[in-house]
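I have placed the structure first, in the form of structure tokens, so that the comments after it can refer back to it.
Since every read-out is calculated from the coordinates, none of them should be taken as a lab result. Remember, predicted model here, so these are calculated numbers, not experimental data. Cβ placement follows ideal geometry from the backbone for every residue including glycine, while neighbour counts extend to all protein chains displayed.
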Amino acid sequence: MRLLYRIIPQLRAIFRGRRVDADVADEIQFHIDRETDANTSRGMPFDEARRVARLTVGSVDDAMETARDQRPAAALRQIIRDLRFGIRLLAKSPAFAAAAVTVVALGIGAVTAIFSAVYGVMLQPLPFREPERLISIWTKAPTLTLTRMYPSSADVRDWRQGSHQLQDIALIRTTANFNLVGNGDAERIQGARFSPNVLAVLGVTPALGRDFRSDEDMDGHDRVVILSDGLWHRRFGGDSSILGHSIQLNGAPYTVIGVMPPSFQYPTRDFQAWVPLVLDPRERDRQVNQNYLAVGRLRANATVAQAQRELDVIATRLAMEHPATNRDRGVIAEPMLASAIRDVQPALVALLAASSCLLVIACLNLSNLLAARAAARSGELALRLALGASRQRLVAQAIAEVTPVLALGGMIGVAAAVFLVRAFVAAAPPNMPRLESISVSTPVILVSLAVLVVTGLLASVIPAMHAWRADFTTMSKDGGRSSTSGRRRADARRIGVAVQIAFAVPLLVGASLLVRSAIKLADVDLGFRRDRVATFHLAIPRSKYPSDPEVAAFYDRLLQAIAGLPGVEKAGMVNRLPLAGNQTMSISVEKASGERVDISSIDSRPATPGYFAAMGIALRSGRSFDARDDETGVPVAIVDDRLSTATWPGADAVGKRVQRFDGVWCTVIGVVAHIRANSVDVDPRPQVYWSHHQVTQDRVVLVVRTSGDARALIDPVGQAIKAIDPEQPVYDVRTMDTVVQRSLVQRRLTMMLIVAFGVIALILAAVGIYGVVAYGVTQRWREFGIRVALGATRSEVTRLVLREGITMALTGSVAGLVVAAALQELMSSLVFGIGALDVASLAAGPLALFAVAALASCIPAWRASAVDPAVTLRE
Amino acid sequence: MTKPTDLVQGTLDLLIMRTIAREPLHGWAIAQRIQLLSKEVLQVNQGSLYPALQRLERQGWITADWGTSENNRRARFYRLTAPGTQRLQEERADWDRLSAAISLVMRTA
């Protein structure tokens with residue numbers, strides 16, 4: 001009740017400010033008139049009566065003024081007045097305004113853009129029901145230094161049966177290529193095979209139609225498919241009557257039973273169709289092993305740690321029951337989100353740290369800019385104080401003057417971030433998880449706003465202190481030139497610059513680490529030649545070519561046709577390109593002593609005779625595959641020089657024997673150069689190749705080397721394939737150059753961003769140093785004059801000024817190196833070929849800053865050296 | 001006539017509220033009424049009357065409306081609000097207790 005009585009007049013005052021003022025004037029006028037009446041009735045002449053009334057009321061007017069200032073409405077109007085004043089001031093000094101706004105925009109833009117990515121990828125919950133209850137489960141074999149492996153279906157089945165902490169575990173097989181025929185060109189669709197409970201475990205339902213039924217994972221019932229929203233719109237016009245109809249996948253009819261909502265992009269956004277997972281009966285008793293993703297849903301209130309402990313117990317039991325496959329195998333249970341972002345997390349965290357460094361630098365830079373202005377205006381402040389302005393008013397105004405800079409800078413920063421994020425998403429690495437959730441979203445903008453406010457408050461501390469400490473006596477005497485408070489202020493600014501440098505050092509060190517890593521990466525011997533090679537992915541439908549010999553014969557037909565194309569030097573096939581990740585098997589080798597050694601994990605690839613020449617992989621000894629190595633020929637293998645040197649040191653591997661994963665012993669016929677099969681930066685395993693007639697896979701990459709431009713081959717090769725089989729889709733067509741570049745996109749992007757941040761930091765530091773040194777020179781103008789008059793040489797004066805800049809760079813750099821050393825953990829997983837405490841990089845940061853500090857101090861130093869004592873001392 | 005007594009801070013608020021408890025009054029009339037009732041002992045400083053009125057209004061004890069004065073002029077009339085009436089009773093009880101206590105001390109000490 002009372003609150004209402006209190007609020008109403010205030011609201012009225014806010015919204016009807018002018019009216020209230022008019023009311024007050026009316027009320028006072030009435031008072032004067034009434035007083036005049038009373039005075040005349042006491043016998044005073046009218047003029048005298050009026051004068052006396054006015055005199056008493058004069059004090060009323062003053063009092064009303066004070067009363068009005070205490071009202072909140074008045075405070076609001078005051079703020080608006082201050083803001084207007086601030087904007088006018090800015091308009092009067094456009095150079096300062098532009099500098100301050102740019103600094104704010106840079107800081108806020110960088111943080112907003114990077115935080116958008118961090119929020120979208122790392123913080124935003126996964127788009128599933130109660131995503132915090134979802135876990136990913138992996139196996140590991142620490143004794144074989146395999147820290148993370150895809151689990152087998154038998155293991156998942158046993159975990160599922162034995163676990164009480166987990167409500168359910170779903171199995172996903174991510175390798176399912178479909179040739180979609182009909183309704184346009186033949187197209188290869190990336191699909192996944194789901195155990196029937198996947199959608200239930202994730203907690204999502206189809207937008208249209210139904211989920212898989214529990215019996216649809218049985219052979220014969222599995223010809224059903226759920227489509228992605230994208231595929232449904234693109235190929236079937238978004239027509240819901242597609243439900244219940246069949247479509248041709250790999251030459252077999254599949255009934256469409258459902259369509260997922262657009263938000264469902266699992267396992268990644270590349271997946272467009274999902275079919276039931278039918279397990280090979282041999283998997284049940286661990287005879288064969290396939291790679292699966294396992295996703296579990298915790299029971300309500302169960303924790304990941306509890307699930308981990310329970311799975312550990314089960315793993316120990318399985319190791320005893322199935323020593324052949326499960327000995328020394330461990331389990332990893334971790335939140336699904338953590339699994340999803342594992343590869344990009346270090347880069348994102350490093351980028352967030354880098355953008356935060358930049359923000360700190362921008363904040364300090366802004367603070368110094370404002371402080372310099374406040375110092376320049378100290379005379380004005382002192383005068384206003386002397387004329388009766390309160391210190392609170394001056395401080396309030398100092399803050400209000402910063403606000404337009406923040407508002408404008410913040411807006412430009414966020415707008416730039418929107419632009420940057422779009423560019424980032426477009427340039428993001430192909431394996432970047434959750435790319436679709438990266439945007440400048442509301443939570444991101446709220447965080448940016450908070451950051452902006454904090455930045456503004458921190459940056460206004462010094463000017464506000466100036467306003468508070470403004471002192472008429474000292475200011476009016478000497479303009480603060482030689483007072484102690486002036487020196488203290490200059491010290492504060494020097495410290496500000498030193499701290500900026502301290503935060504710029506880790507940025508520059510980080511940038512230098514990444515640039516040096518990139519140089520090292522460019523020097524890596526890939527083992528193959530990336531130039532003049534075009535690659536084409538093919539997935540062969542088994543419905544058309546059911547047996548391995550038919551598939552291999554199809555490959556031979558394709559190769560024959562392509563070899564005849566003009567410009568083709570060499571053509572070959574392999575089932576997985578270099579740098580395309582692992583496809584490992586375990587084999588055994590027979591040493592010279594006859595001893596058998598198991599090699600638990602080796603890159604294993606079927607290849608055609610022409611592959612090595614086409615990819616430019618050097619043949620070290622022996623021969624490549626040829627027509628002899630067909631289904632009926634002697635089982636053969638080609639090993640890389642790494643395996644050869646490790647197993648048969650000093651001897652030729654040709655003629656030695658290796659046992660294939662299926663138990664067949666093969667004769668080594670050749671040794672080739674080791675290649676980077678996994679990625680440019682990680683190279684864990686040796687390699688072995690099989691003849692494509694003896695080990696046939698229905699997924700293959702055609703590799704064509706040309707004498708000219710690889711891109712010119714793409715169309716003719718595509719047509720040649722179409723001429724042989726018009727229903728055979730070709731996908732992921734890239735030159736080998738592009739393949740190498742794509743594998744390095746994440747590193748390149750991280751490097752470019754951190755280098756950009758480093759350069760900006762360097763420029764800001766330079767501006768900061770220049771500002772402080774130049775200001776110092778104007779302050780000490782007279783002192784320099786005296787020095788020169790007393791016999792100091794020009795170079796001594798120059799040195800004096802240079803020393804100031806260098807001192808700031810030195811103290812800042814020392815502190816910065818400490819920060820850089822503390823942050824090196826962040827960089828350790830991002831560097832390549834050098835340690836995270838790389839001396840050259842640690843030196844590069846401070847050196848760059850020294851150079852910049854010297855440069856930035858040069859101009860003021862030169863000006864100082866030109867001091868003319870005759871002129872200065874007379875001033 | 002003795003020198004008019006300065007009003008103790010806070011007493012003015014009480015006096016204003018008491019004065020307008022019976023009927024709504026405008027500022028000038030409030031000052032006149034206080035002077036009259038105190039037999040010219042209490043002289044309301046014009047410079048503190050209006051701020052006091054503003055303060056009371058802001059606190060929600062009193063409210064004001066435009067009306068017509070005794071000489072047919074537009075004037076701002078102040079009156080007590082419901083919480084103001086209650087507040088006046090409390091303040092009045094406080095004042096009675098305080099003044100009784102003071103006079104007790106003055107008489108007996």
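Does region B:32-76 come out rounded, prolate or oblate by the C-alpha gyration tensor, with a ≥ b ≥ c the root eigenvalues, rounded set by a/c under 1.5 and, if not, prolate when a/b is larger than b/c and oblate if not?
Working: a/c = 2.29, a/b = 1.15, b/c = 2.00.
Taking the square roots of the gyration eigenvalues as a ≥ b ≥ c, region B:32-76 is oblate.
Below 14 angstrom from the Cβ of A:VAL745, what's the summed charge of the other residues (Lys, Arg +1; Asp, Glu -1)? Write out the running numbers ahead of the final one.
Working: positive: A:ARG734, A:ARG742, A:ARG747, A:ARG748; negative: A:ASP343, A:ASP681, A:ASP737.
Local net charge: +1.
Can you give the angle from 0 to 90° between the axis of helix A:72-92 and the longest principal axis of chain A, with both taken from C-alpha atoms, to the nearest 10?
Tilt relative to chain A: about 80 degrees.
If packing is taken as the average count of other Cβ atoms within 10 Å, what order do A:40-49, A:405-414, A:136-145 fall into, highest mean first? Provide the component values of the computation, followed by the final result.
On the way: A:40-49: 12.1, A:405-414: 21.4, A:136-145: 16.5.
Ranking, from highest mean packing down: A:405-414, A:136-145, A:40-49.
At 222 nm, what value in deg cm²/dmol follows for the protein assembly as shown if DSSP H runs of at least 4 each add -39500 (n - 2.57) and the sum is divided by all its residues, to the nearest 500? Present the calculation step by step, with values, prior to reporting the outcome.
Numbers: 32 runs with 538 residues, N = 984.
Rounded to the nearest 500, the figure is -18500 deg cm²/dmol.
Going by how many other Cβ atoms sit within 10 Å of their own, how do A:VAL425, A:VAL704, A:VAL225 line up, fewest first? The partial results should precede the final answer.
On the way: A:VAL425 16, A:VAL704 30, A:VAL225 23.
The order, fewest Cβ neighbours first, is A:VAL425, A:VAL225, A:VAL704.
Got a sec? How would A:CYS363, A:CYS357 order by Cβ neighbour count within 10 Å, fewest to most? It would help to have the intermediate numbers written out before the result.
Numbers: A:CYS363 24, A:CYS357 27.
Ordered by Cβ neighbours within 10 Å, fewest first: A:CYS363, A:CYS357.
When the Karplus curve 6.51 cos²θ - 1.76 cosθ + 1.60 is applied with θ = phi - 60°, which whole-Hz ³J(HN,Hα) does each residue of region B:44-61 get, with x for Gly and Pro?
Once θ is set to phi - 60°, the couplings for region B:44-61 become 6, 5, 4, x, 9, 5, 5, x, 5, 4, 4, 5, 5, 5, 5, 7, x, 6 Hz.
Could you go through region A:200-210 in sequence order and give the Karplus-derived ³J(HN,Hα) for each residue, using 6.51 cos²θ - 1.76 cosθ + 1.60 with θ = phi - 60°, rounded to whole Hz, and x for Gly and Pro?
Computed from phi, the couplings for region A:200-210 are 5, 5, 6, x, 10, 10, x, 6, 9, x, 10 Hz.
Relative to the longest principal axis of the C-alpha atoms of chain A, give the angle of the C-alpha long axis of helix A:2-15, reported between 0 and 90° and rounded to the nearest 10°.
90 degrees
Which shape class, rounded, prolate or oblate, goes with region A:105-231 when its Cα gyration tensor gives a ≥ b ≥ c as root eigenvalues, a/c under 1.5 marks rounded, and past that a/b bigger than b/c marks prolate? Walk me through the numbers on the way to the answer.
On the way: a/c = 1.75, a/b = 1.19, b/c = 1.48.
Oblate.
Arrange A:LYS656, A:LYS520 by Cβ neighbour counts within 10 Å, fewest through most, would you? Don't skip to the answer; put the middle values down first.
On the way: A:LYS656 20, A:LYS520 15.
So the residues, fewest neighbours to most, are A:LYS520, A:LYS656.
Just to check I understand the Karplus step: with θ = phi - 60° and J = 6.51 cos²θ - 1.76 cosθ + 1.60, what whole-Hz values come out for region A:793-802, glycine and proline as x?
Listing the rounded values in order: 7, 4, 5, 5, 5, 4, 4, 4, 6, 4 Hz.
Kindly identify chain B as rounded, prolate or oblate by the Cα gyration tensor criterion: order the square roots of the eigenvalues as a ≥ b ≥ c, call it rounded if a/c is under 1.5, otherwise compare a/b with b/c, prolate if a/b is larger, else oblate. Each step should come with its number before you reach the end.
Values: a/c = 2.39, a/b = 1.49, b/c = 1.60.
Here chain B falls in the oblate category.
What FRET efficiency would be calculated for the residue pair A:LYS591, A:VAL682, taking the C-beta separation as r and a Förster radius of 22 Å, to the nearest 0.05?
Working: r = 27 Å, r/R0 = 1.24.
Given R0 = 22 Å and the Cβ-Cβ separation, E is 0.20.
Could you please state, rounded to a whole Å, how far the C-alpha centre of region A:416-436 is from the C-alpha centre of region A:620-690?
Using only Cα atoms to place each centre, the spacing works out to 41 Å.
For region A:134-196 and region A:350-394, what is the separation of their Cα centres, given in Å?
58 Å
Excluding A:ASN39 itself, calculate the net charge of residues whose Cβ lies under 12 Å from the Cβ of A:ASN39, where each Lys or Arg counts +1 and each Asp or Glu counts -1. Intermediate values should be presented prior to the final figure.
Numbers: positive: A:ARG34, A:ARG42, A:ARG50, A:ARG51, A:ARG54; negative: A:ASP33, A:GLU35, A:ASP37, A:ASP47, A:GLU48.
Net local charge, A:ASN39 excluded: 0.
What's the angle, to the nearest 10 degrees (0 to 90), between helix A:839-865's Cα axis and the longest principal axis of chain A?
Taking Cα atoms only, the helix is inclined about 30 degrees.
How shielded is A:415-421 by partner chains, expressed as the average number of their Cβ atoms within 10 Å of its Cβ atoms?
Numbers: counts 0, 0, 0, 0, 0, 0, 0.
For peptide A:415-421, the averaged partner shielding equals 0.
Taking beta carbons within 10 Å but only from partner chains, what does the mean come to for residues B:69-79?
Numbers: counts 3, 1, 4, 0, 6, 4, 6, 6, 0, 0, 0.
Rounded to a whole number, the mean comes out at 3.
Between region A:836-852 and region A:199-269, how far is it from one alpha carbon centroid to the other, in angstrom?
56 Å
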